[in-house]
Amino acid sequence: MHAPVLVLKDSLKRESGSKVQHANIQASKAVADIIRTTLGPRSMLKMLLDAGGGIVVTNDGNCILRELDLAHPAAKSMIELSRTQDEEVGDGTTSVIVLAGEMLHVAEAFIDKNYHPTVICRAYNKALEDAVAVLDKIAMPIDVNDRATMLGLVKSCIGTKFTGQFGDLIADLAIDSTTIVGVDLGQGLREVDIKKYIKVEKVPGGQLEDSKVLKGVMINKDVVSPGKMRRKILNPRIILLDCPLEYKKGENQTNAELVKEEDWEVLLKMEEEYIENLCMQILKFKPDLVITEKGLSDLACHYFSKAGVSAIRRLRKTDNNRIAKACGAVVVNRPEELQESDVGTGAGLFEIKKIGDEFFAFIVDCKEPKACTVLLRGASKDLLNEVERNLQDAMSVARNILKNPKLLPGGGATELTVSATLKQKSSSIEGIEKWPYEAAAVAFEAIPRTLAQNCGVNVIRTMTALQGKHANGENAWVGIDGNTGAIADMKEQKIWDSYSVKAQTFKTAIEAACMLLRIDDIVSGIKKKQAPGAGPTPSKPKIEEEGCFMCLSTSISKINILVSLTSGGLHCHS
């Protein structure tokens, strides 16, 4: 009999085999159950307290999972799912988690029966291909310029969100802003960059109905010297700079020895002339507004106000790019290189208004702006944050439609059709993969089932009725009306989903489920390697006893406390 060989250190913990798969499946189901109730129009909100004591109230799947701090590695990768979904298509963050959780749940039975995970994954991937084929078949193309259809679509996306009660308001904001920043790339392609060119400004106060899309840009800045510069300019000529309008300080320290008093004046004069030069190069283009990302000295400010030019300094780079897109200017790096074509003349009005306690600069009424600002007003910060999250989702949906103008039925109808078609196909699949394939077909029903649960109707009855309607892959547009839980035709109810969101949801969910199923070993407890020469980290402070005095070395937030023990005149420094 050989002695056992130790390969791993004692401190390492290793789990392997089906135990790991069960643990992963349990963890993923737990994550899916957390946000299951936030799916659909009758969704519940979650209130999360973060470490700083701030409160987040939301039902956005991605937002909830982002705030959670999870210990289990499989659960962490589930969170990544909703983040991917959010970055790729912006919507469907909740459904992707629910679907992935369900896919893993149905796989559990097969792992118990000692199916090999690879077999299950192969069946799942086959199911995914067929599911996407079904989506292509039932998708219906739409006309992007038909505003009513677009409104219906964005509204069905927001219907499940907190702002659903405000009706068309958010949908209008989303469609307006995305159509403004859309750029035609030719060949029927449109590029819509939400992050770069749509700025959402939240200003507490007022009513939500006061929110609007500005045909231009709004920034939280005032002019440099409010008394001397104009605060309202019609059809301004705008120059955008990316350089400081002040005297450059030397890179390294330079000492100048001055012998005569006049030399001092010469030095000052050189500085003044340098700045005057810069200003004159700018002023010869007769601008009405000069905006720079860097500093602007008092002297430059004086020259500008004498010429009747308003100036704004220290603007964010992103804001500067937005203004450039809105009014057709070019951001210039050196005043010497200014040309007439760099001056922005597209704006109709520059105005500074006071909202609440702060001043905001508006550059609005632009001709064909390619950037815009969405101004959100509302009662409280929490409300505004939630509205902003919903607006982001709505804008993503509008962007997806502009990029890929195809629609699918909402309300769980798509999933039911996919499920029915896959069930039919499963009979023609040979070999052992047939059963996992069929299970994947059943797993798609998780979405309509969850919708029915959240409405509070009889789940089993509703589901059987729906399955009956969808039996042979027909009636593709019959689904659940999320508000009442009744079975309805999604075309009449105008409940639609974007094709790219659905396809992305299916792909992400199934691929993630396959990835988690193929994990069969977890080794935990791996320590970081220490740098050579670094000794073991000191543990607790030691307590030394000397005679009858005790010297306690404590480090209270790294402050060394000087204790002077007067009895016996002994001084002890910790």
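The values are calculated or read from the model by the stated rules, or taken from the named source; none is laboratory data. This one's a predicted model, so the numbers in the text were calculated from it and none came from an experiment. Counting neighbours? That spans all protein chains shown, and the Cβs are built from the backbone with ideal geometry, glycine included. The area values use the complete protein model at the heavy-atom level, side chains included, leaving out ligands, DNA and RNA. Shrake-Rupley method; radii C 1.70, N 1.55, O 1.52, S 1.80 Å.
When the residues of region 25-42 are narrowed to those that are over 21 Å from the mean Cα position of the chain (by Cα) and among the hydroxyl-bearing types (Ser, Thr, Tyr), which ends up nearest to Gly92 (Cα to Cα)?
Per the stated criteria, the residue is Thr37.
Kindly provide the set of residues from region 13-42 that are modelled with pLDDT under 85 and either crowded, with 23+ Cβ neighbours inside 10 Å or not small (Gly, Ala, Ser) (or both), ordered by number.
Lys13, Arg14, Glu15, Leu39, Gly40, Pro41, Arg42
Which pairs do you get when a residue that is in contact (Cβ under 8 Å) with a residue 12 or more places away in the chain, found in region 437-452, comes within reach of a residue that is of a type in the set (A, V, I, L, M, F, W, C) and not in a helix (DSSP H, G or I), reach meaning Cβ atoms under 7 angstrom, with the pair 6+ apart or on two chains?
Hits for this filter: Tyr437/Ile429; Pro448/Ile480; Thr450/Leu39; Leu451/Leu39; Leu451/Ile480; Ala452/Ile480.
Would you point out which residue out of His2, His105 is free of Cβ contacts under 8 Å to residues at least 40 places away in the same chain and open to solvent by 10 Å² or more (accessible area, probe 1.4 Å)?
Just a single option satisfies the conditions, and that option is His2.
When Cys279 is evaluated against the numbered criteria (1) surrounded by 12 or more Cβ atoms within 10 Å (Cβ to Cβ); (2) assigned to a loop (DSSP other than H, G, I, E, B), which criterion, by number, is the only one it fails?
For Cys279, the exception is condition (2).
Out of region 429-465, which residues are β-branched (Val, Ile, Thr), under 13 Å from Gly412 (Cα atoms) and open to solvent by 70 Å² or more (accessible area, probe 1.4 Å)?
Answer for region 429-465, where residues must be β-branched (Val, Ile, Thr), under 13 Å from Gly412 (Cα atoms) and open to solvent by 70 Å² or more (accessible area, probe 1.4 Å): there is none.
Name every residue in region 56-89 that is within 24 Å of Val192 (Cβ to Cβ) and assigned to a strand (DSSP E or B), in order of residue number.
Within region 56-89, none qualify.
Are any residues in region 202-224 farther than 21 Å from Gly346 by Cα, assigned to a strand (DSSP E or B) and charged (D, E, K, R), and if so, which ones?
Hit for region 202-224 is Lys202, nothing else.
So, Asn125, is that one part of a loop (DSSP other than H, G, I, E, B) and open to solvent by 50 Å² or more (accessible area, probe 1.4 Å) or not?
no
Determine whether Ile352 is of a type in the set (Val, Ile, Thr), at pLDDT 85 or above and surrounded by 21 or more Cβ atoms within 10 Å (Cβ to Cβ).
In short, no.
Exactly one condition in (1) under 34 Å from the mean Cα position of the chain (by Cα); (2) open to solvent by 10 Å² or more (accessible area, probe 1.4 Å); (3) touching a residue at least 24 places away in the same chain (Cβ under 8 Å) is not met by Gln424; state its number.
Among (1) under 34 Å from the mean Cα position of the chain (by Cα); (2) open to solvent by 10 Å² or more (accessible area, probe 1.4 Å); (3) touching a residue at least 24 places away in the same chain (Cβ under 8 Å), the lone unmet condition for Gln424 is (1).
Of the conditions (1) touching a helix residue (DSSP H, G or I) at 6+ places or on another chain (Cβ under 6 Å); (2) closer than 30 Å to Leu375 by Cα; (3) open to solvent by less than 70 Å² (accessible area, probe 1.4 Å), Ala324 fails just one. Which one is it?
Failing condition for Ala324: (1).
This table checks each residue for (1) under 19 Å from Ala127 (Cβ atoms); (2) surrounded by fewer than 18 Cβ atoms within 10 Å (Cβ to Cβ).
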residue	(1), (2)
Ala471	yes, yes
Gly482	no, no
Gly485	no, no
Ala488	no, no
Lys494	no, yes
Lys502	yes, no
Phe506	yes, no
Asp520	no, yes
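Taking the condition farther than 28 Å from Thr373 by Cα, buried (at least 19 other Cβ atoms within 10 Å of the Cβ) and hydroxyl-bearing (Ser, Thr, Tyr), does Tyr303 pass?
Yes: the conditions hold for Tyr303.
Quick one: which residue in Gly53, Gly40 is out of contact with any Gly (no Cβ under 8 Å at 6 or more places or on another chain) and not in a helix (DSSP H, G or I)?
That would be Gly53, the only listed residue that is out of contact with any Gly (no Cβ under 8 Å at 6 or more places or on another chain) and not in a helix (DSSP H, G or I).
With (1) part of a helix (DSSP H, G or I); (2) over 26 Å from Asn454 (Cβ atoms); (3) of a type outside the set (D, E, K, R) as the list, and Leu104 as the residue in question, which single condition is left unmet?
Here Leu104 meets the rest and fails (2).
Out of Val332, Val364, which single residue is farther than 16 Å from Pro236 by Cβ and either open to solvent by less than 10 Å² (accessible area, probe 1.4 Å) or β-branched (Val, Ile, Thr) (or both)?
None of the other options fit; the residue is Val332.
Would it be correct to say that Thr318 is open to solvent by less than 10 Å² (accessible area, probe 1.4 Å) and either of a type in the set (Asp, Glu) or under 31 Å from the mean Cα position of the chain (by Cα) (or both)?
No: the conditions fail for Thr318.
When region 463-510 is examined, which residues are found to be assigned to a helix (DSSP H, G or I) and free of Cβ contacts under 8 Å to residues at least 60 places away in the same chain?
Met463, Thr464, Ala465, Leu466, Gln467, Gly468, Lys469, Glu492 - these are the residues of region 463-510 that are assigned to a helix (DSSP H, G or I) and free of Cβ contacts under 8 Å to residues at least 60 places away in the same chain.
Under the condition of being in contact with a Cys (Cβ under 7 Å, 6 or more places away or on another chain) and at pLDDT 90 or above, which residue from region 80-124 is farthest from Gly411 (Cα to Cα)?
Only one residue tops the list, namely Cys121.
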